[in-house]
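Novice: Just passing along the structure, written as structure tokens.
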Amino acid sequence: MPGPMGPLARAIGLLAVFALVVSACGGEYPQSSIDPHSDFAETIHGLYWIVFVWSMVILAVVWALLAYVLIRFRDRPGAERPKQTHGNLRLEIAWTLGPALIVVAIAVPTIRAVFETQPSDPEGAMVVEVIGHQFWWEFRYPEAGVVTANELRLPVGRPVSLRLSSADVIHSFWVPMLGGKRDANPLVRKPEGEPPDYNWLHFTVREPGEYMGQCAEFCGPSHSLMGTRVVAESPEEFDAWLESWQSSAPTEDPPDAASLPEGLDPILVQQGREIFHSQTCVACHAIQGTNAQGQVAPNLTLMGQRTKIAAGWLDNSVEDLERWIRAPRDVKPGALMPGVGEAGGNWPATGLTDEQVRAVAQYLSSLR
Ligand code: CUA
């Protein structure tokens, strides 16, 4: 007769193989929530491990008991009926107390993590206003007077405090490698003198890098296309970027080929500038140092530096910019920007020709 340990050992072996297979799922996943790169994400990750380990302990105990019972009390030819038991006080106490202790073991670190990640107003943190829009993110650095969209630049090693709100419906800001998601809610009007109820998100990024995020609250037809990208760089690089933003002022003189990034045509760039700044573009978009001071659409200062457009769903190439300018809703259903032949956001169709679209794309691409 095989002893109960044979199958049990096999079960443990299988479990080990399973663990190995699952561990092979690691790798380059830009939105992995088990690859922490900030203090906030590490706190959550620690919690995840506590719950995971306890779950594994419970799984092992249950499987071991199950295997034991299945083998030890299985039916055999000529076997007698096993002894029938009704009620066992010691067992009852054990399986009430055991789970209660496990709940406590999980609850204590969970509550601690909740308080750790919800400080009221961290001292010395750099405030960034994060505003969700259908379907893009706006980032405002109030101390520096800098505004950007979709790509959030942050300094490594400096605590940041994200102040979350929304311009329309509820969104949720989530960059898994940097921490948990948190809702960006439309602000409720408060009596005079009372501060608005922002949601906050605080963390310190540990290493430089790019961290991908995704809106995590269903917000309309292009919810799934509402990405974000966090660029974490050294404090020096970050300060230099703030400075270049603040001093950015595209000249009105025709650009010369040498000062333009490769592949851009000075004549088209100049044409694009004229079109952009004389058309309805400036009613919604802003470019630092120009007449474009619109506040409802993404700020396009240093636009050419971004690696992606359309909240992460198109490359920032002249071709993709053209595609976007021509028909934004073909890329992102529900986007407010008017296209060449389609009204949008209370504005009529732009009616730009292919050549004009190319010129505007070249101009935007030149803003670096
Ligand atoms: Cu914004 Cu979903």
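The values are calculated or read from the model by the stated rules, or taken from the named source; none is laboratory data. For clarity, every value in this text was computed on a predicted model and none was experimentally measured. In this analysis, Cβ positions are derived from the backbone assuming ideal geometry, glycine residues included, and neighbour counts consider all displayed protein chains. Just so you know, the surface numbers come from the protein's heavy atoms only, side chains and all, with ligands and any DNA or RNA stripped out. Shrake-Rupley method; radii C 1.70, N 1.55, O 1.52, S 1.80 Å.
Novice: Give all pairs with beta carbons closer than 6 Å in which a residue from segment 309-323 that is assigned to a loop (DSSP other than H, G, I, E, B) meets a residue that is among the polar types (S, T, N, Q); count only pairs at least 6 apart in sequence or on separate chains.
Specialist: Hits for this filter: ALA311/ASN150; ASN316/THR307.
Novice: Shifting gears a bit: Look through ALA100, ALA64, ALA11, ALA107 and report the one residue that is assigned by TED's automatic domain parsing to the domain that holds GLY213 and touching a residue at least 40 places away in the same chain (Cβ under 8 Å).
Specialist: Criteria check complete, one pass: ALA64.
Novice: Those residues that are farther than 27 Å from ALA144 by Cα and within 16 Å of the ligand (Cβ to nearest atom), I need them from segment 218-270; list them, please.
Specialist: PHE218, CYS219, GLY220, PRO221, SER222, HIS223, SER224, LEU225
Novice: Right, something else. If you check every pair at least six apart or on different chains, which have Cβ atoms under 6 Å apart with a residue in segment 68-96 that is without any contact (Cβ under 8 Å) to a residue 60 or more places away in the chain first and a residue that is open to solvent by 90 Å² or more (accessible area, probe 1.4 Å) and not in a helix (DSSP H, G or I) second?
Specialist: PRO82/PHE73
Novice: Let me ask something else about it. Could you grab me the full set of residues in segment 344-368 that are in a loop (DSSP other than H, G, I, E, B) and open to solvent by less than 60 Å² (accessible area, probe 1.4 Å)?
Specialist: Once the filter is applied, which keeps residues that are in a loop (DSSP other than H, G, I, E, B) and open to solvent by less than 60 Å² (accessible area, probe 1.4 Å), segment 344-368 yields GLY345, ALA349, THR350, GLY351, LEU352, LEU367.
Novice: Which one is nearest to the ligand (Cβ to nearest atom) among residues in segment 174-187 that are under 24 Å from ARG306 (Cα atoms) and either open to solvent by 20 Å² or more (accessible area, probe 1.4 Å) or part of a strand (DSSP E or B) (or both)?
Specialist: The residue in question is ALA184.
Novice: Now, a different point. Take LEU65 and decide whether it is at pLDDT 90 or above, aliphatic (A, V, I, L, M) and under 19 Å from PHE203 (Cβ atoms).
Specialist: So LEU65 fails the test.
Novice: For segment 34-56, which residues satisfy the criterion of being more than 27 Å from GLY209 (Cβ to Cβ) and free of Cβ contacts under 8 Å to residues at least 24 places away in the same chain?
Specialist: VAL53, SER55, MET56
Novice: Identify all residues within segment 157-201 that are modelled with pLDDT under 90 and in contact with a Pro (Cβ under 7 Å, 6 or more places away or on another chain); write none if there are none.
Specialist: LEU187, LYS190
Novice: Also, quick follow-up: Could you please let me know if GLU138 is surrounded by 15 or more Cβ atoms within 10 Å (Cβ to Cβ) and of a type in the set (Asp, Glu)?
Specialist: yes
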